[in-house]
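Peer 1: First the structure, then my questions, so here it is.
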Amino acid sequence: MRPLLVLTACVALAPPAAADFGRYQDHALEGSTLVVTSDRGKLRIRAIDDAAFEVHYLEPGIRQLPSFALDESLGTVQAALSETEDALAFTLPGLTAVIDKAPVRVAFLRDGEELFAEEHGYYAYDTVRGFRFALDDGEKILGAGQRVVGMDRRGRRLPLYNRASYGYETEAEQMYYSVPAIVSSDRYMIVFDNSASGWLDIGHTETDVLNFEAAGGRTAYLAIAGDSFPALVGNYTDVTGRQPLPPRWALGNFASRFGYRTEAETRDVVRRFRRAGIPVDAVILDLYWFGPDIKGHMGNLDWDRNAWPDPEGMMADFAAEGVRTIPITEPFVLSTSTRWQDAVDSGVLAKTPTGDPRRFDFYFGNTGLIDVFDEAAREWFWEPYRMLFGQGAAGTWGDLGEPEVHPGDSLHYMSDTDEWATGDEVHNAYGHEWARMVYEKQVAAYPDTRPLIMMRSGFAGSQRYGIVPWTGDVNRSWGGLEPQVELSLSMGLTGLAWTHSDLGGFAGGEVFDKELYLRWMLYGVFQPVYRPHAQEHIPPEPVFHDRETRRLARDFIRLRYRLLPYLYTLAWENSTTGLPLMRPLFFADENDPELMDRADAYFWGDAFFVHPVTKPGIAAVEVDLPDGVWFDFFSGVRHDGGGPRSVPVSLETIPVFVRAGAFVPMVDAVQTTRDYTSESLTLHYYADASAPESSGKMYEDDGETRTSLETGAWELLEWRAARDGNRLTLSLSRAGGDYPGRPDERDLTIVVHNWQARDNVVRFDGEALETRRRLPKRGNAAAHGGSTLSIRVRWDHSDRTVDIQGEAP
């Protein structure tokens, strides 16, 4: 291990400040990297994607740290180099970097026009370093991770320091997961690839300047462009990594609270869900699994056998019922825990300059912090996970990973690069490295299993390690519910598409607010993870509430399970394209800047528009529908978009609309995804003359094998619709390979909504189907009632067509 004194020596070598990066001397092309030498140092610009560069300023004596944002598996991209007397141009298909020679400074062009540029550019002083960029008049700036400040963050000076925000509501500038990245309304992104404590000044101090600054760390940023916002997010995840496809059960209902105290209590909760007929796929164990009290036991990382006499048997019994177990872990080892001395003797804790464990006090007790930057410490920390997975645990819940308390003078050993760094220098990458540790070691130990890793903190690019973030300890109030769409949308723009909230709210609350709870629970159907979680004085699980609450929550959760084919396809799209599951409204109209401020509604994939109800006592909601035709998902009522509509709501509904022309695949609800099958599939098609042509798709695999995508063990069902007056043709096709449990054929029920034509003749691949008042239980047939035409066929997955010819009503 490298001596600790080297850190101090490196910092002492910092040179005196200079006004800019100096004048050009020469340049060289090293593969996909342009190296420009100035009289102050070297500028390395690496082509990393068709529309993305890594820009790294290297000044002698300015200490650097490794990149955390970039995907380690990046391939080689070639860019064309040209030179004039005053500048160099490094050109990719979607972005050009122009390097001025005097002084050395970078601007970025798209289609020959300046997209954005360094204003002053690079700067480095003894105590601060960073970059300054010019902002255009009227330019909106989004991103920056979890904040409750509005979607457009321009005019704000935001801390880059992950920190808990207990009980937040409608205003929070600093939260659990900051991301040092911005998304411009001009369709570019800048990622400050620096893990240190810092600030993001977005036109606050100077209205036309974007300033990234940090106390230390890497002097590098990523410049990324896109022709559209979905393409921009795709290019960002190309270089920072894509979210691995999670297991299908991640989309199910989780039983969770702070917290189940005994094995008997946990068994009782799972039994209550089964008896109530409420689907459940996982149970989460908070900190009582390793100790009887909140304080004093963190770091034990082993079962309290007095309260949990047979956890192996419990998890096996749950697994037999299709319920997975996820125990919590934290990175703190209290000096009162059973593993404290082992952690000290093994040298796995962050250190003081003398090499002793850096001890400090926080809410849970006197503690040290596991040094997840050190491979030896990672291996030590992996042992409890190895034990838990061996006993039957199915996923990981990592809490307090900001870290919640992290002394800035803590010393961490960066074993991958054999150097030391302070807590302030690597604070924001702590959760990232923790997720990386769990992901890589779980994949090595269980290569066929898809990891599920819930973490509330990380860095840009943490999605490539399967991180599933949540929005922290939100207040159990209407003010807590209101910002959840903003939080998830902002995180999704920077690759963290599985960001979700504790349904019902977590913190506080003196009495149960039934209306708030049900509004949040129904919103949860249309967010990435369904996990009610709260402090235990008001139970978060529906099984402990009154009959109506149980019934409505059961209906909401069953709807979630019926939508599993659609939800799983969104997960696949995210893993293959980077598209978030929850999508901002400006994705539909990139020329309307006002849509960039909207966080009251969102698209759930391509088909759904969702507007949560975030105020009490509401009988109708004023909804500003996007352009086009939309159908109320619950009532079926048709609406013309492009303006406000008053939408009546009850405790059973919130405004949810389906786009005209959309296909929505659904299945029957099951008690657990273990029993999931799409052999009997219902395909809802929302017909309208405004959408004469449309298409849809559905991704399927076995729901659990980690390598399904790369080995071809999947299938993609695709549908197309073509309408000409009262004639509608639906085309069915299938692509892909084989996988365990794949149906050879499917009983397919096609439900055509808003079909007004009468006297319909329906043919399946040319064969006329009998039309009845109701569909029979078996056999190919059609039925027309009201404005809905239902068609049942046995589909063998070959290319088929369904032709419908009707008469005007």
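The values are calculated or read from the model by the stated rules, or taken from the named source; none is laboratory data. Because the structure is a prediction, the values reported are computed rather than measured. Positions of Cβ are generated from backbone atoms using ideal geometry, with glycine treated the same way; all protein chains shown enter the neighbour counts. SASA here: full protein model, heavy atoms, side chains in, ligands and nucleic acids out. Shrake-Rupley method; radii C 1.70, N 1.55, O 1.52, S 1.80 Å.
Peer 1: Please determine, in degrees from 0 to 90 and to the nearest 10, the orientation of helix 375-391 with respect to the longest principal axis defined by the Cα atoms of the chain, where the helix direction is its Cα long axis.
Peer 2: Around 20 degrees separate the two axes.
Peer 1: Follow-up. Between V209 and T788, what is the label-point separation in nm under the 7 Å Cα-to-beta-carbon projection?
Peer 2: Output for this residue pair reads 6.2 nm.
Peer 1: Provide the gained length on full extension for the span D20 to E440, in nm with one decimal, where the gain is 0.36 nm per separating residue minus the Cα-Cα distance. The partial results should precede the final answer.
Peer 2: Numbers: separation 420, 0.36 × 420 = 151.20 nm, distance 4.08 nm.
This chain segment gains 147.1 nm when fully extended.
Peer 1: With a 1.4 Å probe and all protein chains left in place, how much of the accessible area of segment 290-350 comes from carbon and sulfur atoms, in whole percent? Please report the intermediate quantities before stating the final value.
Peer 2: On the way: 1050 of 2190 Å².
Whole-percent figure for carbon plus sulfur exposure: 48.
Peer 1: What is the percent carbon and sulfur in the accessible area of segment 717-809, measuring with a 1.4 Å probe over the protein chains and ignoring ligands?
Peer 2: Details: 1970 of 4930 Å².
Carbon and sulfur together cover 40 percent of it.
Peer 1: Per-residue ellipticity at 222 nm for the chain, helices alone: DSSP H runs ≥ 4 residues times -39500 (n - 2.57), over residue total, nearest 500 deg cm²/dmol?
Peer 2: On the way: 14 runs with 147 residues, N = 809.
When only DSSP H runs of four or more count, the value is -5500 deg cm²/dmol.
Peer 1: Another question, then. Please work out the Cα center distance from segment 506-526 to segment 145-184, rounded to the nearest Å.
Peer 2: 23
Peer 1: If you don't mind, another one. Could you state the accessible area per residue of the chain in Å², with a 1.4 Å probe and every protein chain left in place?
Peer 2: Details: 28150 Å² over 809 residues.
Value returned for the chain: 35 Å² of accessible area per residue.
Peer 1: Taking the Cα-to-Cβ direction at S646 and at Q341 and moving 7 Å from each Cα, how far apart do the two end points lie in nm?
Peer 2: 7.3
Peer 1: Let me ask you something else. Using the beta-carbon distance between E745 and D799 and R0 = 22 Å, what value does 1/(1 + (r/R0)^6) give for FRET efficiency, to the nearest 0.05?
Peer 2: Details: r = 14 Å, r/R0 = 0.64.
Efficiency computed from Cβ-Cβ geometry: 0.95.
Peer 1: Let me ask something additional. I'd like the carbon and sulfur percentage of the solvent accessible area for segment 166-238, probe radius 1.4 Å, heavy atoms only, ligands and nucleic acids excluded. Intermediate results must be reported in sequence, preceding the final value.
Peer 2: On the way: 750 of 1840 Å².
Carbon and sulfur: 41 percent of the exposed surface of segment 166-238.
Peer 1: Here's another thing I want to ask about it. Compute the angle between helix 547-562 and the longest alpha-carbon principal axis of the chain, please, reported from 0 to 90 degrees and rounded to the nearest 10.
Peer 2: It is inclined by approximately 80 degrees.
Peer 1: Give the residues of segment 610-651 whose amide nitrogen is closer than 13 Å to a point set 7 Å from the Cα of E515 in the direction of its Cβ.
Peer 2: 613-621, 649-651
Peer 1: Here's something else I'd like to know. Taking the Cβ of R674 as the centre, find all other residues whose Cβ is under 14 Å away and add up their charges (Lys, Arg: +1; Asp, Glu: -1). Before the final figure, lay out each step's value.
Peer 2: Details: positive: R248, R274, R324; negative: D281, D317, E321, D675, D702, E704.
Result for the neighbourhood of R674: -3.
Peer 1: Mind giving me the FRET efficiency for E767 and S690? R0 is 25 Å, r the Cβ-Cβ distance, nearest 0.05 is fine. Mind dumping the intermediate values first?
Peer 2: Numbers: r = 30 Å, r/R0 = 1.22.
Computed FRET efficiency for E767 and S690 comes out at 0.25.
Peer 1: Let me ask something else. Taking the square root of 5 times each eigenvalue of the Cα gyration tensor, what semi-axes in Å does the equivalent ellipsoid of segment 145-243 have, largest first? Don't jump to the answer; show the numbers that get you there.
Peer 2: Numbers: eigenvalues 91, 51, 48 Å².
Sorted largest first and rounded, they come to 21, 16, 15 Å.
Peer 1: Taking a ≥ b ≥ c as the square roots of the Cα gyration tensor eigenvalues, with a/c under 1.5 meaning rounded and otherwise prolate when a/b beats b/c, else oblate, which class fits segment 103-169?
Peer 2: Details: a/c = 3.23, a/b = 1.48, b/c = 2.18.
In terms of gyration-tensor shape, oblate.
Peer 1: Related question: What FRET efficiency, computed as 1/(1 + (r/R0)^6) with R0 = 51 Å and r the Cβ-Cβ distance, is obtained for R727 and E536, rounded to the nearest 0.05?
Peer 2: Details: r = 59 Å, r/R0 = 1.15.
Once the sixth-power term is evaluated, E becomes 0.30.
Peer 1: Please compute the alpha carbon radius of gyration of the chain, then divide it by the globular-protein estimate 2.2 N^0.38 Å. Two decimals is fine. Can you show the working numbers first?
Peer 2: Details: Rg = 27.5 Å, N = 809, 2.2 N^0.38 = 28.0 Å.
So the chain has a normalised radius of gyration of 0.98.
Peer 1: Using a simple spin-label model with points 7 Å from Cα along the Cα→Cβ vector, what separation in nm is obtained for R386 and N306?
Peer 2: Going from the R386 label point to the N306 one covers 2.9 nm.
Peer 1: Considering the zone a paramagnetic label at A316 would reach in this model (a point 7 Å from Cα along the Cα-to-Cβ line), which residues of segment 262-293 have amide N under 13 Å from it?
Peer 2: Taking a point 7 Å out along Cα→Cβ of A316, no residue of segment 262-293 has its backbone N under 13 Å.
Peer 1: Another question, then. May I ask for the angle, rounded to the nearest 10°, between helix 430-445 and the longest principal axis of the chain, with both axes built from Cα atoms and the value confined to 0 to 90°?
Peer 2: Value to nearest ten degrees: 60.
Peer 1: Right, here's the next one. What whole-number distance in Å separates the alpha-carbon centres of segment 69-85 and segment 221-260?
Peer 2: Distance between centres, Cα-based: 25 Å.
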